[in-house]
Amino acid sequence: MKRMLLMSILFLFGVQGLSANYAFYKKVKNTCAAYRIKVNDSDMSLTDDSFSLTLNSMRNNFEMVMIIGFVSAGKAIVHQRYLATQISGYKSVIPRTINVMVNVPSGRGKAVISAGADAALVEQLANGKIEPSEFMLKIKDSIQTL
């Protein structure tokens, strides 16, 4: 009997974490889909510390794809905060840093361009408090070609 109760409690706490991840991933996927960018669950990784997203672009639009990646993560953070206020006991998942990697075709291979930003800055971008050009200037030092 005690074991069954313990298993039930562990299951409920485990489901809570899964639903937060699911809500975060779903919001990212829906925002990217609005811009015709396909994202799979395997392209995302979410922990308490960071969120990583890998996207594919065409040759000339990698900057737009990168900004959409950051905006989609910001929208997911805003959505997590909203869910926490609306659902009693909901444990929101809000990472501290956001990393976006964009696969860009070049010649016969591909280049990977990555950038990282603080979650607060990404949330400002998603809420329209800063312009995309200003956002890119603030993260320019983190942009790398891998």
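Assessment of region 54-67 against the conditions (among the hydroxyl-bearing types (Ser, Thr, Tyr) and out of contact with any strand residue (DSSP E or B) (no Cβ under 7 Å at 6 or more places or on another chain)) yields no matching residue.
Here the condition is being assigned to a helix (DSSP H, G or I), crowded, with 19+ Cβ neighbours inside 10 Å and modelled with pLDDT under 90; of 76, 20, it holds for 20 alone. The residue that is modelled with the lowest pLDDT, counting only those in region 89-109 that are of a type in the set (A, V, I, L, M, F, W, C) and part of a strand (DSSP E or B), is 104.
One residue is enough: does region 53-72 have a residue meeting the conditions assigned to a loop (DSSP other than H, G, I, E, B), of a type outside the set (Val, Ile, Thr), without any contact (Cβ under 8 Å) to a residue 60 or more places away in the chain and closer than 15 Å to residue 119 by Cβ? Within region 53-72 (the criterion being assigned to a loop (DSSP other than H, G, I, E, B), of a type outside the set (Val, Ile, Thr), without any contact (Cβ under 8 Å) to a residue 60 or more places away in the chain and closer than 15 Å to residue 119 by Cβ), the answer is no, since none of the residues qualifies. When residues in region 110-139 are screened for being assigned to a loop (DSSP other than H, G, I, E, B) and among the polar types (S, T, N, Q), 1 of them pass.
Here region 43-60 is the region considered, the condition is being open to solvent by 10 Å² or more (accessible area, probe 1.4 Å) and closer than 20 Å to residue 30 by Cβ, and the residue that is farthest from the chain's Cα centre (by Cα) is 57. Scanning region 79-88 for residues that are out of contact with any Ser or Thr (no Cβ under 7 Å at 6 or more places or on another chain) and in a helix (DSSP H, G or I) turns up 79, 82, 85, 86.
The values are calculated or read from the model by the stated rules, or taken from the named source; none is laboratory data. This one's a predicted model, so the numbers in the text were calculated from it and none came from an experiment. In this analysis, Cβ positions are derived from the backbone assuming ideal geometry, glycine residues included, and neighbour counts consider all displayed protein chains. Heavy atoms of the whole protein, side chains included, go into the accessibility calculation; ligands, DNA and RNA do not. Shrake-Rupley method; radii C 1.70, N 1.55, O 1.52, S 1.80 Å.
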